Each structure stands twice: as C-alpha cells, then as structure tokens.
1. Within region 189-211, is there a residue that is within 30 Å of R42 (Cβ to Cβ) and over 18 Å from the mean Cα position of the chain (by Cα)?
2. Sort out for me the helices (runs of 4 or more DSSP H) sitting completely within region 151-231 that have 1 or more residues that are free of Cβ contacts under 8 Å to residues at least 24 places away in the same chain.
3. Considering only residues that are surrounded by fewer than 21 Cβ atoms within 10 Å (Cβ to Cβ) and either in contact with a Phe, Trp or Tyr (Cβ under 8 Å, 6 or more places away or on another chain) or closer than 23 Å to L177 by Cα (or both), which ones fall in region 223-240?
4. Within region 27-45, which residues are touching a residue at least 40 places away in the same chain (Cβ under 8 Å), within 17 Å of the chain's Cα centre (by Cα) and over 20 Å from A84 (Cβ atoms)?
5. Yes or no: region 188-199 includes at least one residue that is closer than 26 Å to R27 by Cα, in contact with a helix residue (DSSP H, G or I) (Cβ under 7 Å, 6 or more places away or on another chain) and either surrounded by 20 or more Cβ atoms within 10 Å (Cβ to Cβ) or among the small types (G, A, S) (or both).
6. Can you find, within region 107-125, the residue that is nearest to A141 (Cα to Cα) among those that are buried (at least 21 other Cβ atoms within 10 Å of the Cβ) and charged (D, E, K, R)?
7. Please verify whether region 146-169 includes one or more residues that are of a type in the set (A, V, I, L, M, F, W, C), out of contact with any Gly (no Cβ under 6 Å at 6 or more places or on another chain) and modelled with pLDDT under 95.
8. Could we say that L4 is surrounded by fewer than 23 Cβ atoms within 10 Å (Cβ to Cβ) and touching a helix residue (DSSP H, G or I) at 6+ places or on another chain (Cβ under 6 Å) here?
Amino acid sequence: MDHLRRTRQEFARQAAAFAASAATTDRSQLVRLIEAIGEPARGRVLDVACGPGIVTSALAERAQEVVALDVTPQMLEKARERCAKAGRKNVVFMEGSATALSFADAYFDAVITRLSFHHFLEPSAVLKEMLRVLRRGGSVAIADVISAEQPDKSQLQNAIEILRDPSHVRMLPGSELLAMVAQSAVTIERQETWDQPREFEEWAGIVANPGRVAPLRTVLRALAVAGQDAGMGLRLSDGNVHFTHTWQLVVARKT
C-alpha cells in the first residue's frame with residue numbers, strides 16, 4: 001500500500017474520534033497558533049492538511065477567506081460540519097495533496113499546518129509548496145509534535161507512534177524542524193515549545209483499531225516498568241500509562 005492510500009485509510013477511520021479529541025480541540029492551543037500568525041491571519045489563509053477543520057473554523061472567525069485542504073474526504077466532511085455549525089461562510093473546502101498545491105504562486109497571506117508534518121514522507125517538499133503559494137511578507141506557521149533530540153529516544157518514540165498509526169512517518173526533533181524552516185527564504189518571527197500530557201487509552205482510542213491497542217498497551221507498560229521513558233516521559237500513574245507530547249510552533253515571514 002502506498003503512503004497516500006494508507007493515510008487516507010487511517011484518517012477515514014479516525015475522523016470522528018479525531019474531531020472530538022480534547023487534545024486536538026484545546027482552545028488555548030488554537031488561540032496560541034492564530035495569535036502567533038498576527039495580521040496575515042485576517043487575509044486569505046490556507047489550512048494545509050486541515051483534518052476535521054478545528055484550526056479552519058478558528059481561523060475563519062477573523063480571516064477574509066480560509067481554504068481548507070485535506071487528502072481524506074471523511075476529514076473534509078467533518079470540517080464542513082464543524083464550520084457549518086459555527087456559521088462560517090468564508091471557507092472553501094478542497095481535496096488535495098500537500099505536496100502539489102493547486103494554487104498560483106503568492107496566492108495566500110498566510111499558510112498554516114498543524115499536526116501534519118509527522119505524516120509527510122518529505123516534509124521539506126511540503127514546506128517548499130507552502131512557501132510557493134505564500135505572498136512575500138506573508139506568514140507560514142507550522143505546529144507539530146516533536147521527538148526527543150537524542151537519536152535513540154527519537155527512534156523509539158517514532159516506532160511507538162508507527163505501531164499506533166502506520167500513516168505516521170517521523171516526528172522531527174525540534175532542532176531539525178526549526179533548521180528546515182530557517183534554511184528557507186524566511187525570517188523566523190516566533191518559535192516556542194510546550195508539553196501536553198496524554199493518557200494512553202484516550203490517545204490509542206483515536207485510531208479506532210482495537211486490535212492495535214492491547215499489544216501496544218503491553219509494550220508501553222513494559223517500557224515504563226523498566227524505567228524507559230522513550231523520549232516521551234512514559235510512566236505509570238494510578239495503574240494507567242501516561243506520557244507527554246512535546247509541541248513546537250514555528251512562525252516565519254516570507255522574505
């Protein structure tokens with residue numbers, strides 16, 4: 001199965017749970033992202049890999065127009081439902097790939113993506129496309145979970161994520177994500193990281209595949225008992241498996 005087909009398959013199944021997850025709908029994270037973009041978020045905005053439209057709907061509160069793009073039809077349907085419920089009439093929904101954006105050069109004032117880079121085979125190619133369709137002086141924003149800086153811990157953490165969701169490719173260490181953006185024709189205006197506590201059952205349940213959950217629970221419990229934090233603060237608390245996702249937000253202006 002090729003990666004694009006696998007991604008569609010995974011997120012078709014995950015659409016409902018992902019749209020309702022407290023971890024992805026956290027209002028404080030949405031405010032953090034949109035405020036970091038600043039004035040360009042009031043213009044024409046592209047939400048790349050929009051998923052169920054959580055960021056799209058928040059952007060549409062102030063933007064002139066938002067284009068919500070995703071490769072999975074079921075995710076776009078959830079995005080339509082969310083935006084319709086909120087009364088957002090300034091959103092255009094498009095099915096398409098982040099590696100081949102069907103827009104003219106310099107079309108958008110801001111281009112945003114959240115929780116997507118770790119699903120891309122070539123994140124640098126996606127970033128190049130995002131910058132191509134962004135006007136000079138516009139803002140590009142990437143918010144994603146990142147891995148530990150130590151290679152062995154990064155590899156273990158990514159292996160765990162792939163066991164949960166085979167469409168996962170690789171969470172980048174924060175330094176690598178920042179360097180990727182810095183090497184482009186941009187000026188980095190803001191970068192920050194923060195931790196988000198997660199609980200195994202909630203996190204594993206989103207993929208809606210019970211056959212994966214039991215063996216993965218066993219593996220994570222064994223790692224925690226052995227004192228292996230897997231680069232993600234893996235631990236047992238009250239008999240349950242807990243860990244931490246570290247997020248990084250990078251906002252840059254195209255020069």
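1. Scanning region 189-211, I find at least one residue that is within 30 Å of R42 (Cβ to Cβ) and over 18 Å from the mean Cα position of the chain (by Cα), so the answer is yes.
2. It comes to 151-164, 174-182, 210-225.
3. D229, G233, R235, N240
4. Q29, R32, L33, A36, I37
5. no
6. The extreme case among them is R114.
7. Taking every residue of region 146-169 in turn, none turns out to be of a type in the set (A, V, I, L, M, F, W, C), out of contact with any Gly (no Cβ under 6 Å at 6 or more places or on another chain) and modelled with pLDDT under 95.
8. So L4 does not fit the description; no.
The values are calculated or read from the model by the stated rules, or taken from the named source; none is laboratory data. Everything quoted here is computed from the prediction, not taken from an experiment. Counting neighbours? That spans all protein chains shown, and the Cβs are built from the backbone with ideal geometry, glycine included.
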